[in-house]
Each structure stands twice: as C-alpha cells, then as structure tokens.
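**Q** Once you've had a glance at the structure underneath, I'll fire off some questions.
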Amino acid sequence: MSNNGPKTTVIRNGTLIDASGNPARRNDAIIIEGNRIRSVGPLPPDIIIDDRRNVAVIDAAGQWIMPGLIDAHCHMSYGYPMIKGEGKGKGTTRPEFSTLKSARSAQKVLRSGVTSISVPGGTWFTDVGVRDAIRLGLMEGPRMFVAGRMIVTYGCIEDDEPSWEGTPDHSIGKLCNTADEMVTEVRRQGKHGVNFIKMADSRSGESQMLAKEEIAAVVGEAHRRNLKVAIHSRGAGSTRAAAEAGVDWIVHADLATDRDLDAVAKAGMPILPTATFLAVVCDLGRQQKVGAEQVQLDFNRMQRHFDLLGELMHKARKLGIRLLVGTDTGNNSFTRHGELHAKELEIFVKHGGYTPMEAIVAATRDNAMAVGLDGQVGQIAAGQFADITVWTKDPIADITILQDTKNLAWVIKDGRIVDIYPREEMLTFQQAAE
C-alpha cells in the first residue's frame, strides 16, 4: 500500500472495452496518474515509457482491457463463509471476529477483478469499518458503499426470532414496527456512517409487510440526510409502494406485476434482479448437493423465482428500466467471496436478452450509481477513477471467462496495481472456511 514507486502507469496495446457501449477497439495507451485516468488514446509526447523510475508500463498485447467489475449486491458480514469453531446459531456472534473475516473476504473480492461493491446490509457496523480501513489505506480491498442492518418489521425477511427475542445484535435485521421507529433507525445508522439505508419486505414476496407510509418516511428522512435507500421487494404491492415513495433502487421485484413495473418505469429508479443466488440454489438442487428436505421445500420455489427474474429482465428493457448487476455473494456458504461476481453477467446474456457488451456496461458504467460514483467510475475514460482489469481471453466472445480468475492478468484499483497472485494463501483461508 506504499505510495513509493512510479507516479505514472501506462497500459499499452491490447483490445479496449471502455464500457461506454461503443465497440471494442485497439488500445494505444491508457495513462494513469494518481488515482485517475489522465487520457485514453495516443501516447502523449511528455510520457517517456523508458523512464522506469517514474513510469510503470503494462503491455497488454493479446489481452482485453475493461473497467473493474462492480458487484451491486455483495454482503460482507453475514457470517459467511462459516469458519469451523466460530459462532453459534445462524452466524458469527462476535463483532471483532466478523470484522477480521470481512476484511479478509474483501481482499478475495478485489483479487477477482471486482474493484467496487455495494453492500446492502450486514451485522453491527462491520462494513463501515472495513470500508474505512480500505479508504484510509490500512488494507487492500474494493471500494465499498455500505448499508447497516436492514430495517424490518414483523413478518419481514430476517425477522426470524420469536417476538420476545426481537432481532439480536448479531442479526442482519433491525426490528422497527412503526414509521417513527424506522426514522429513528435511519438517524442512528446515518450517525454511524452508512452510505445508504436498506429496507426489507417479506422474504418471498407473497405478502406486503411494509406500508407505503413507512417506506416513504424512511425515504424522506434518508434523503434529507443525503443517504440513498434500497429495498428488498420481491412482490407486488411493496414494489409499487417503493416506486411511488421514491426509493433509489429496488432489489429483486420478480413477483412484480405489469402495473408495478409501470410505476417503477414512471418513477425512474433501477431494479437489481440478483438472479445469481437463485441460479446457484437451483443448480445445487438439481445436483442434490443440498439436503433432501431443503431441495423438496425450496427447489421448485427458487426455480419459479429464477424464471420470473428472466421474464422481468425482458419486461424491464422494454419499459426502459435500467437493470443493475449484483450477485448476493456472501449470503450463504455456497456464495463465496471472489467466485461468483461475474455470474450475473452470464445470466443477463443467457436469460435476459443482453449482448455480452450490454452486460459488461451494466456491470460497470451503470452499476456506478449503486456505489455512489455515477459518472466517476465504471468506464475507461479521461477523468474517471483508475479502476481497470486486464483479461487474457475475450469476454465479448465468451462472457463466462470473467468468472475464472485464471483469465485475469492485471487488476488496478484507484490507480494502484494489485498483487493478485497470493493464491496459495487465499486457498488456505478458503479451506479453513470449509
């Protein structure tokens, strides 16, 4: 993390996918100074590439250059991956341990080519601490834009304990049963440094648990404090209420009706489908790699939700609703950090009607709003933050190559070259988790 070394980095040659939506093209020189991209195009006459004391040169000949990926739905402190010998019940129960494990997981995320993540909920204020440790240079990791514990009421997702227990401190939900309690929680989380507020309706969306007035109260208070608001909303009712209340983005929406989607399109906020988690569950169910009881109870429901998300992608495109790209990584033991962050792009292509280029743009330029940096990150262009990846295979020809770190040659985050090769060390950490 030292600032010593060359002050300018030049990426020569290769094929440039700049995430503007324009076709891939031959790259001449990308000039990085500090943490920003100075120029993209011909090599400026003042850059002496033989001056190795002041200029670092990356030769990307035969490789593909694109912005760092952005995962708009990545949990860091849910308690996964499970560590043998730690925690009781549903997850990690010590904030100190949670912080260290989350910090370690963040390094895996960065070394998979993901340079920014949006974290829609976690335990305590763990994610705020890890975000700031990265921002202040104490450790490497992706840019993090974080929420605190999800605001829920009785019957919502993460209201899993008996009513006399409420939501314990290590829970990822925060029980608030009136609009006033919700507003107070917005203020508390804002005081502790979150970037946005996450609300959550019912787990599967069959019933609406959050009233429109409650959602509107949270949005009003959060926006007054310059905080964004996202909501877990699979079903009808809550999706339309969230759109009319002016949330900043809606997560899932697979049970939304055409009327709901019309309201979202009119309000102008994006939807974050997050199909990767469902795809993995369905795949494990087909392979019978989860318990027979869980397969019987969940497989058909999960497959239905996944199929509906595919339909949602097509409907949203027709209505002009922007779709964000997120994976729900860290939501369970089988959604490990560093492994699935590009899976959603494949789903967008195979099930959502996107071209590989459109999926890349969605996961970079369009996703920038979910990390609070719309127009500042997610493209390779002058003035943008220098978050860049270089791949040994062509993602336009095969979008799935982005899922394999063996195809990743370079990661640059905030203008600094990341060491992506401590693979044996990272493997040891993963084995311990398993």
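The values are calculated or read from the model by the stated rules, or taken from the named source; none is laboratory data. A quick note: this is a predicted structure, and the numbers were derived from the prediction, not measured. Here Cβ is always computed from backbone atoms with ideal geometry, including for glycine, and neighbour counts include all displayed protein chains.
**Q** Please name all residue pairs, on different chains or six or more residues apart, with Cβ atoms under 6 Å, provided the first residue is in region 227-243 and is over 17 Å from Leu309 (Cβ atoms) and assigned by TED's automatic domain parsing to the domain that holds Gly268 and the second residue is part of a loop (DSSP other than H, G, I, E, B) and of a type in the set (Asp, Glu).
**A** Here the result reads Lys228/Asp248; Val229/Asp248, each pair linking region 227-243 to a residue that is part of a loop (DSSP other than H, G, I, E, B) and of a type in the set (Asp, Glu).
**Q** Restricting attention to region 159-168, does a residue exist that is buried (at least 22 other Cβ atoms within 10 Å of the Cβ), more than 22 Å from Ile70 (Cα to Cα) and in contact (Cβ under 8 Å) with a residue 24 or more places away in the chain?
**A** no
**Q** Looking at Asn367, is it at pLDDT 95 or above and either in contact with a helix residue (DSSP H, G or I) (Cβ under 6 Å, 6 or more places away or on another chain) or over 15 Å from Pro67 (Cα atoms) (or both)?
**A** no
**Q** How about region 238-261: which of its residues are touching a Leu at 6+ places or on another chain (Cβ under 9 Å) and on the phi > 0 side of the Ramachandran plot?
**A** Result: His252, Ala253.
**Q** Please go through region 1-51 and pick out each residue that is under 26 Å from the mean Cα position of the chain (by Cα), outside any strand (DSSP E or B) and in the same structural domain as Gln63 (by TED's automatic domain parsing).
**A** Ile17, Asp18, Ala19, Ser20, Gly21, Asn22, Pro23, Ala24, Gly34, Asn35, listed by residue number.
**Q** Could you please find all residues in region 237-254 being surrounded by fewer than 24 Cβ atoms within 10 Å (Cβ to Cβ) and within 15 Å of Arg203 (Cβ to Cβ)?
**A** Correct list: Gly237 only.
**Q** Collect the residues in region 112-142 that are surrounded by fewer than 24 Cβ atoms within 10 Å (Cβ to Cβ) and either part of a helix (DSSP H, G or I) or in contact with a strand residue (DSSP E or B) (Cβ under 9 Å, 6 or more places away or on another chain) (or both), keeping them in residue-number order. Steps first, answer last, please.
**A** Just the residues of region 112-142 that are surrounded by fewer than 24 Cβ atoms within 10 Å (Cβ to Cβ), to begin with: 124-125, 128-129, 132-140.
Matches in region 112-142: Phe125, Val128, Gly129, Asp132, Ala133, Ile134, Arg135, Glu140.
**Q** Ok, one more. Checking the condition of a type outside the set (Val, Ile, Thr), surrounded by fewer than 16 Cβ atoms within 10 Å (Cβ to Cβ) and touching a residue at least 60 places away in the same chain (Cβ under 8 Å), which residue from Gly41, Gly14, Gly21 passes?
**A** Details: Gly41 fails: touching a residue at least 60 places away in the same chain (Cβ under 8 Å); Gly14 fails: surrounded by fewer than 16 Cβ atoms within 10 Å (Cβ to Cβ).
Testing whether each residue is of a type outside the set (Val, Ile, Thr), surrounded by fewer than 16 Cβ atoms within 10 Å (Cβ to Cβ) and touching a residue at least 60 places away in the same chain (Cβ under 8 Å) leaves just Gly21.
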